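Below: the structure, in structure tokens.
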Amino acid sequence: LIGIVVLAAFLRFYKLGQIPPSLDWDEVSLAYNAQSLLQTGKDEFGHSWPLSIQSFNDYKPPVYTYLLIPVLKVFGKTEFAVRFPSALAGTLTVLATYLLVNELLAVGKVDNKLKIENCPAERDPALPDKLKIPLLVALLVAVSPWHLQFSRIAFEANVGLFFFIAGMWLLIKALHQNSGWLLFFSVISLSVALMSYHSLRVVVPLLALCVLFLYKKDVWNLIRVGFSLKRTGFYWFPVILSTILTILTILTISYTVFFQKVGQSRFEKTSFLTIDNLLTVSRDRLEKYGKNPVDKIINIKYFVYAKQYIKGYLDHFDLRFLFLDGDRIDRHRVPAVGLLYWWELPFLVMGLMSLIGPMSPMPAKEKAVLFLWLMLAPAASALTGGTPSAVRSLVFLPTFQIFTAIGIICSLKILKKYWVIGLLGYWVIGLFEISHYFHQYYIHSPLEYASAWQYGYKQMVEKVMADKVNYK
């Protein structure tokens, strides 16, 4: 695990200030507002310690900007400093993913007053695989093109993903161990995730509610024990704190959305309502066939919106998007590489089939959480006009890697002692694709996509500022 985390850190911090080749406008905006808050206590528009960063009137969530303040104080105004919080969060995400998968596989879950890891392997025949899968998932996330791409950019989504994964791990662990304090820390982490990125404000509450419903007996037991009159001390205290913090987070987000008009501004700029001519065809049909009641129903704008949402949702499961082309925006992709490695596809399918079958290494409730996570991940991104979006659906991770890791373990069990011979050629191809991705990312991407990163702006400004004394 230490080796995997070190590898993840190296891949994310190596030439962080030079690759990508320049800060894009969003990165500069985050840093500029952080520097302004550091020096004056106000953002670029004069707002004192705002709950939303107005920026380009897209009202960015505030967490990344506030994380940048101490980093800029330590490292100064450099490209490395601007991307440091994201690279650190990306590295910690690998560790958080390991802990989450460990918990989903119920390794260490209290069962009949005995911890599984302290029992002989005969009590849980799947235990050896359960110990391998979290490590394998962590490794897959560490070298994932999708995750590495956004771990080296000052993107709020990547920081939000870390707090989301950490929060889900703490939440499930709290329910497994009936721990009020773990619940409290989970609420803290999930609250920070909600204040980190817009898409998470849709996905996090939906998945959290699903988890609480699946574990309703554990939730009730946690509350009952926390408020039991027979218990002494502060067993009730973390439950009260969790409730208060949840309410404060909801009120804070509601205030920014409804009173500061952040939600309206963001929705107007990014939703599929901004797609040109989205309703034109249906309006033409209504004009021609308006007397037909069926056409009136089919072509009403709400039906058109529903179809567009379903299309946007399904776009995120397009194999071409996932395995071949990646995102349509050059800043969010690498030349000739998809978001996932294509060699992972067979194992991904095998892992899905394994979890559906009776021999699944994951308990039923935890399996339901994983599948719900997969299905809810594009719920927010589907509302936008530019689907599929790699950054808005970053919350997919690490579900694909979990399915892939389970598929790999299953294939090794099927082949047994012949796995080295049977998969040798496949592993060579897989290692070639991984090395090809690193070559494309660190060598070709900075050159081919330099303009997408606004490369040249900084050099132009430096040139102008150096020569301005020579001109009126």
Check your understanding: How large is the dipole of the range 360-472 about the Cα centre if only Lys and Arg carry +1 and Asp and Glu carry -1, each at its Cβ, rounded to the nearest 20 debye?
Key -> 240 debye
Review point. Roughly how many nanometres apart are two label points built 7 Å out from the Cα toward the Cβ at Lys216 and Phe80?
Key: 5.4 nm
**Study point:** Sites Asp325 and Phe259, calculated FRET efficiency, Cβ-Cβ separation with R0 35 Å, nearest 0.05
**Key:** 0.30
Check your understanding: What is the diffusion coefficient of the range 363-472 in µm²/s, taking the Kirkwood radius over Cα pairs and the Stokes-Einstein relation at 4 °C with a viscosity of 1.567 mPa s?
Key -> 68 µm²/s
Study note, to complete from the structure: Taking r as the C-beta separation of Ile414 and Leu314 and R0 as 30 Å, the FRET efficiency to the nearest 0.05 is 0.45
Exercise for review: Mind checking which of Gly357, Ile408, Leu424 is farthest towards the positive end of the range 340-443's charge dipole, using Cβ charges of +1 (Lys, Arg) and -1 (Asp, Glu) about the Cα centre?
Suggested key: Gly357
**Study point:** Area of Ile443 that stays accessible when all protein chains are in place (1.4 Å probe, Å², to 10)
**Key:** 90 Å²
Exercise for review: Write down the Kirkwood hydrodynamic radius of the range 141-216, to one decimal in angstroms, obtained as one divided by the mean of 1/r over all alpha carbon pairs.
Suggested key: 13.0 Å
Study note, to complete from the structure: If each K or R counts +1 and each D or E counts -1, the residues other than Leu23 whose Cβ falls under 10 Å of its Cβ total -2
Point to revise | Formal net charge of residues neighbouring Ser445 (Cβ-Cβ distance under 11 Å; K, R +1; D, E -1) | key: +1
Practice item. Mind checking the full-extension length gain between Glu433 and Trp25? Use 0.36 nm per residue of separation minus the Cα-Cα distance, one decimal, nm. Key: 143.7 nm
Practice item. For each pair in Lys73/Lys463; Lys217/Lys413; Lys15/Lys60; Lys311/Lys365; Lys60/Lys468, compute the distance between the two Cα atoms and list the pairs where it is over 32 Å. Key: Lys217/Lys413; Lys60/Lys468
Review point. Which chymotrypsin sites (Phe, Trp or Tyr not before Pro) from the range 390-472 combine a DSSP loop assignment with at most 14 other Cβ atoms within 10 Å?
Key: Tyr471
Review point. Considering only the other residues whose Cβ falls under 12 Å of the Cβ of Ala405, what net charge follows from Lys and Arg at +1 and Asp and Glu at -1?
Key: 0
Study note, to complete from the structure: By the Cα gyration tensor axes a ≥ b ≥ c (a/c under 1.5 gives rounded; else a/b larger than b/c gives prolate, otherwise oblate), the shape of the range 330-375 is oblate
**Study point:** Backbone HN-Hα couplings from phi across the range 93-99 [Karplus 6.51/-1.76/1.60, Hz, Gly and Pro as x]
**Key:** 4, 4, 5, 4, 5, 4, 5
Point to revise | Binned Cα-Cα distances of the range 46-96, short to long, each 5 Å bin given as a whole percent | key: 4, 19, 22, 21, 22, 9, 3, 0
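The values are calculated or read from the model by the stated rules, or taken from the named source; none is laboratory data. Given the structure is predicted, the values throughout are model-derived calculations rather than measurements. All Cβ positions, glycine included, derive from the backbone under ideal geometry; neighbour counts span all protein chains shown. These accessible areas exclude ligands, DNA and RNA; they are computed on the full protein's heavy atoms, side chains included. Shrake-Rupley method; radii C 1.70, N 1.55, O 1.52, S 1.80 Å.
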